[in-house]
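K.L.:
Sharing a structure below in structure tokens format, with a few things to ask.
The values are calculated or read from the model by the stated rules, or taken from the named source; none is laboratory data. Values in this document were obtained by computation on a predicted structure and should not be read as measured data. Cβ placement follows ideal geometry from the backbone for every residue including glycine, while neighbour counts extend to all protein chains displayed.
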Amino acid sequence: MHNGQVKATPVVGLVGNPNSGKSSLFNILTGLRQRIGNFPGVTVEKKAGMLSLPGLPTVELIDFPGAYSCYPTSLDERLVVQELTNPEGDLFPDAILYVADITKLDKHLLLFTQLRDLDLPMILVLNMADLMDADGLTVDIPRLSKALEVPVVPVSSRDHRGIAELKEAITDLLRDPNRFRPRQAFFEPGANTRDVLAELRRELPARNDYHALLLTHHAPWLKHIPDATRHQVQEARVRHGFHSLRSQVEETMERYNTFEPIVRGSVRHAGDTSSRSDRIDNVVTHPIFGPILFIALMLLLFQALFAWASVPMDLIEFTFGTLGESIRTTLPAGWFTDLLVDGIVAGLGGVLVFLPQIAILFFFIAILEEVGYLARAAYLFDSLMQRFGLNGRSVVALISGHACAIPAIMSTRTISNWKERLLTILVTPLTSCSARIPVYVILISFAVPPVVYFNGLISLQGLAFAGLYFLGILGAMLSALAFKVILRTPERSFLMLELPEYRIPVWRNVGTTVWQKSKTFVLEAGKIIMIISVILWAASTYGPPADMAAAEAQVTERARAQELSEEQAADLLASERLEASYAGHLGKAIEPVIRPLGYDWKIGIALLTSFAAREVFVGTMATIYSIGSTDDEFRIRERLAEERNPVTNEPVYNPATAWSLLIFYVFAMMCMSTLAVTKRETNSWKWPIVQFVFMTAIAYFGAMAVYQSLS
Amino acid sequence: MPFHVPAAASLFEAGQSGTIDRFTNEYLAGKLLDIGVRPGSRLRVVRKSPFGGSWYVKIDRQCLALRKKELACIMVK
């Protein structure tokens, strides 16, 4: 297996328990040179980065998901076992950095001893070494290293101690992977597994006895086991009365008994390190103050979201407005300038304007996660969530859903119960994500008068804003309840949640999260929005030649007959051309369907394009209403207020239509990326279709009810 | 006040503590062992959650949130 030759691109895996500080270490070792993708065939997030070591080819460092043991209960954990039991796989590491929390060695070494028995070259990295002096914690590193027969390196993600030593240790291990081969296993399979192993040992693609044992346990779901072998294993398991659970429990108990004396011999705790965390938890998880604090935090979050984001947002809008103007004045008029200004610049501005809010939201969520608060929120709301068929961990998804449903849906992977996870995935997009913010902002000004109370402390529009968010949450909870009743599965559900000690956030991790998520948003969502902007520009500029000609002839005639000024004639031409364009035809085609909701064909175009991504709404409005007019595209609100029904001459954007649109946008499933993620996460087309249909149905009938009762 | 006969930890009131004796459910035992809960560990119920149903529990020096059903399979003396 390890022949002393260093591979062209050696793979080093970071493995460890959840909350061991693995990701912090990954960030330090790779900086921003990270690629975030998915592990092949599954949707577990794969973080990979490059690491340069002296005298070695560039090393690929893979951050494996956190796992407690080789007996997985969640998708994330399964992946670790899948890859580490498959020596033929591309991701099989040449060396493992096993990260353990120095204060929790008595628990974190379980998986270590299992991987060690798989005969994988390893380095034990003791994270949070900064706690060594402060809390009177002492670790006898040479003794631990001798007992475990691997190099042991204490490091700290906070003050970066030990990082140089760690890099040296990796270099040495990759050069000579056989240097630290285990001489003795931590665990020898017991009597009741010996028979089944004796039969299967030769049949299975196993490197040693423990590898064979794990394959025997997990053959039913491991992807790299051929079907024929799987059947063979099943038969052998039945024939020898192999009891997987019992064997697992015995193994785990024996492992604890083996490594506990080693830990006790080399680690000394002086004081009770967690008393500060306990005092904080007396308040944070208090039955009364806890929920109050939670609500206060959420209010603070949304307040910050609007207060802090407005300045950079205005700046971005202004920049792109000016850019469009200057392009129009510099370049000669023509289709190319139109494409550039109305299609590309307007589209680009429409993407980047969300960036401040997305960055702030991820900043907050990253801090809450780093500090250890999200686990407390899950504890506080678990039983409430259970009544709606969800899990305490769903709270995390429902909170992050307010930034963007995509990472939120991906965060549900820690929920091991399939039904609870599915319900969370289905209802999370009902929480108002940041893409709805600009739509809300524009429409609320038409729906709610600008009244303020208490000297401007509370505004009616602000209350309406909060109300829409609340409506989204309510919709999510009630939908979950409905699905809970419809879908029935007998699967067992767990909480079993670790509440990590409170820690001051590592700012580098917060920064990395904000950077990665913002980049992903701009690249992924930006691509779709740009494409749609350009298509929309083309569809609203061009139309069936006969219709377009007829529209122009009609305008010329009317301009002559009514003696219109040049500017009036140009505006009339623009609106007639839009009506005759392909987009206009499409809008008119769906008008009968959306008429009961109070929408005209122009809103229809915006709705249709919004189904790709809701943030397109504002861009579409900009594109539709700016054609033929050199108004600043971003002053859409003023433009919409001028829009009148050609028949009745009433304003199109009256409160009834505005409320109806708001309700539609709260509930409708208008995000292709979310549907794609749902498809990936549920591994079937059924659930994205269900999600699309139920959300859009609530949106349609909700909006209809609101319009009909208000108008 | 500690029980002398092993009793399910779900019967504990906030503030009560004891030593884990054994588990009564193999499936949950596997999961609990993985996260470091095992016979011989000190268990203390710290408080109950605001809406009932889940417990804030301290096992050795580790804080965990467990549901009533999960606590019910932990026998403590």
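K.L.:
When only residues in the stretch B:65-77 that are under 9 Å from the mean Cα position of the chain (by Cα) and part of a strand (DSSP E or B) count, which is farthest from the other protein chains (Cβ to nearest Cβ)?
P.N.:
Within the stretch B:65-77, the match that is farthest from the other protein chains (Cβ to nearest Cβ) is B:76.
K.L.:
Evaluate the stretch A:454-475: report whether one residue or more is touching a strand residue (DSSP E or B) at 6+ places or on another chain (Cβ under 8 Å), part of a strand (DSSP E or B) and not small (Gly, Ala, Ser).
P.N.:
Start the filter on the stretch A:454-475 by keeping residues that are touching a strand residue (DSSP E or B) at 6+ places or on another chain (Cβ under 8 Å), which leaves A:458-460.
Next, only the ones that are part of a strand (DSSP E or B) stay: A:458-459.
If we keep only those that are not small (Gly, Ala, Ser) as well, we get A:458.
So far as the stretch A:454-475 goes, yes, one or more of its residues are touching a strand residue (DSSP E or B) at 6+ places or on another chain (Cβ under 8 Å), part of a strand (DSSP E or B) and not small (Gly, Ala, Ser).
K.L.:
Could you give me the residue pairs with C-beta distances under 7 Å whose first residue belongs to the stretch A:576-600 and is in the same structural domain as residue A:538 (by TED's automatic domain parsing), whose second residue is polar (S, T, N, Q) and surrounded by 19 or more Cβ atoms within 10 Å (Cβ to Cβ) wherever it lies, and which are 6+ apart or on separate chains?
P.N.:
A:578/A:540; A:581/A:540; A:581/A:541; A:583/A:540; A:597/A:660; A:598/A:657; A:598/A:660; A:599/A:657
K.L.:
Here's something else I'd like to know. Kindly indicate whether residue A:94 is away from chain B (no Cβ under 11 Å), closer than 30 Å to residue A:422 by Cβ, at pLDDT 90 or above and in contact with a helix residue (DSSP H, G or I) (Cβ under 9 Å, 6 or more places away or on another chain). Can you show your working first?
P.N.:
Working: away from chain B (no Cβ under 11 Å): yes; closer than 30 Å to residue A:422 by Cβ: no; at pLDDT 90 or above: yes; in contact with a helix residue (DSSP H, G or I) (Cβ under 9 Å, 6 or more places away or on another chain): yes.
The answer is no for residue A:94.
K.L.:
Looking at this structure, is residue A:374 at pLDDT below 80 and within 30 Å of residue A:276 (Cβ to Cβ)?
P.N.:
No: the conditions fail for residue A:374.
K.L.:
Let me ask another. Kindly state which helices (runs of 4 or more DSSP H) lie completely within the stretch A:250-344 and contain at least 2 residues that are within 14 Å of chain B (Cβ to nearest Cβ).
P.N.:
A:275-284, A:289-330
K.L.:
For the stretch A:373-380, does any single residue satisfy the condition of being in a helix (DSSP H, G or I), within 14 Å of another protein chain (Cβ to nearest Cβ), touching a residue at least 60 places away in the same chain (Cβ under 8 Å) and among the aromatic types (Phe, Trp, Tyr)?
P.N.:
Among the residues of the stretch A:373-380, at least one is in a helix (DSSP H, G or I), within 14 Å of another protein chain (Cβ to nearest Cβ), touching a residue at least 60 places away in the same chain (Cβ under 8 Å) and among the aromatic types (Phe, Trp, Tyr), which makes the answer yes.
K.L.:
Mind listing whichever residues of the stretch A:669-684 are of a type in the set (A, V, I, L, M, F, W, C) and either outside the structural domain of residue A:607 (by TED's automatic domain parsing) or part of a helix (DSSP H, G or I) (or both)?
P.N.:
Selection gives A:672, A:675, A:676, A:677.
K.L.:
Of the conditions (1) loosely packed, with under 15 Cβ neighbours inside 10 Å; (2) without any contact (Cβ under 8 Å) to a residue 40 or more places away in the chain; (3) away from chain B (no Cβ under 14 Å), residue A:201 fails just one. Which one is it?
P.N.:
(1)
K.L.:
If you go through the stretch A:675-687 one residue at a time, do you hit one that is farther than 27 Å from residue A:76 by Cα, hydrophobic (A, V, I, L, M, F, W, C) and loosely packed, with under 14 Cβ neighbours inside 10 Å?
P.N.:
no
K.L.:
Kindly provide the set of residues from the stretch A:182-223 that are over 39 Å from the mean Cα position of the chain (by Cα), among the charged types (D, E, K, R) and part of a loop (DSSP other than H, G, I, E, B), ordered by number.
P.N.:
Listed by number, the residues that qualify are A:183, A:188, A:201, A:202, A:203.
K.L.:
Yes or no: the stretch B:20-30 includes at least one residue that is among the aromatic types (Phe, Trp, Tyr), more than 9 Å from chain A (Cβ to nearest Cβ) and more than 21 Å from residue A:380 (Cβ to Cβ).
P.N.:
No; the residues of the stretch B:20-30 include none that is among the aromatic types (Phe, Trp, Tyr), more than 9 Å from chain A (Cβ to nearest Cβ) and more than 21 Å from residue A:380 (Cβ to Cβ).
K.L.:
I would also like to ask the following. Please go through the stretch A:320-374 and give me each residue that is among the aromatic types (Phe, Trp, Tyr) and closer than 28 Å to residue A:606 by Cβ, ordered by number.
P.N.:
Residues satisfying the conditions are A:320, A:335, A:336, A:354, A:362.
Listed here are the residues, each with its yes/no results for (1) aromatic (Phe, Trp, Tyr); (2) farther than 21 Å from residue A:253 by Cα; (3) modelled with pLDDT of 90 or more.
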| position | (1), (2), (3) |
| --- | --- |
| B:26 | no, no, no |
| B:31 | no, no, no |
| B:39 | no, no, yes |
| B:43 | no, no, yes |
| B:46 | no, yes, yes |
| B:51 | yes, yes, no |
| B:56 | yes, yes, yes |
| B:62 | no, no, no |
| B:65 | no, yes, yes |
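K.L.:
Right, something else. How many of the residues in the stretch A:116-137 are outside any loop (DSSP other than H, G, I, E, B) and either crowded, with 22+ Cβ neighbours inside 10 Å or within 14 Å of chain B (Cβ to nearest Cβ) (or both)?
P.N.:
Total meeting the criteria: 8.
K.L.:
Just the residues that are of a type in the set (Gly, Ala, Ser), facing chain A (nearest Cβ under 7 Å) and in a loop (DSSP other than H, G, I, E, B), please, taken from the stretch B:31-54.
P.N.:
Correct list: B:36, B:49, B:52, B:53.
K.L.:
Here's a check for you: in the stretch A:390-404, which residue that is assigned to a helix (DSSP H, G or I) and under 15 Å from residue A:477 (Cβ atoms) is nearest to the other protein chains (Cβ to nearest Cβ)? Explain how you work it out, then say what you get.
P.N.:
Just the residues of the stretch A:390-404 that are assigned to a helix (DSSP H, G or I), to begin with: A:394-400.
If we keep only those that are under 15 Å from residue A:477 (Cβ atoms) too, we end up with A:394-395, A:397-399.
Values: A:394: 14, A:395: 12, A:397: 17, A:398: 16, A:399: 17 Å.
Top of the filtered list is A:395.
K.L.:
Considering every residue within the stretch A:527-537, establish whether at least one is at pLDDT 85 or above and surrounded by 14 or more Cβ atoms within 10 Å (Cβ to Cβ).
P.N.:
no
K.L.:
Tally the residues that are under 21 Å from residue A:106 (Cα atoms) and touching a residue at least 24 places away in the same chain (Cβ under 8 Å), restricting the search to the stretch B:60-75.
P.N.:
Number of matching residues: 4.
K.L.:
So, one more: Taking the condition at pLDDT below 85 and assigned by TED's automatic domain parsing to the domain that holds residue A:651, does residue A:548 pass?
P.N.:
no
K.L.:
Take the stretch A:463-511 and flag every residue that is small (Gly, Ala, Ser) and away from chain B (no Cβ under 14 Å).
P.N.:
A:464, A:466, A:467, A:472, A:475, A:476, A:479, A:480, A:482, A:511
K.L.:
Among the residues of the stretch A:264-285, are any more than 29 Å from the chain's Cα centre (by Cα), buried (at least 16 other Cβ atoms within 10 Å of the Cβ) and within 30 Å of residue A:81 (Cα to Cα)?
P.N.:
Step one: filter the stretch A:264-285 for residues more than 29 Å from the chain's Cα centre (by Cα), giving A:264-276, A:278-279, A:282-283.
Add one more test, that the residue is buried (at least 16 other Cβ atoms within 10 Å of the Cβ), and what stays is A:266-267, A:273-274.
Restricting the remaining residues to those that are within 30 Å of residue A:81 (Cα to Cα) gives A:266-267.
Yes, the stretch A:264-285 contains a residue that is more than 29 Å from the chain's Cα centre (by Cα), buried (at least 16 other Cβ atoms within 10 Å of the Cβ) and within 30 Å of residue A:81 (Cα to Cα).
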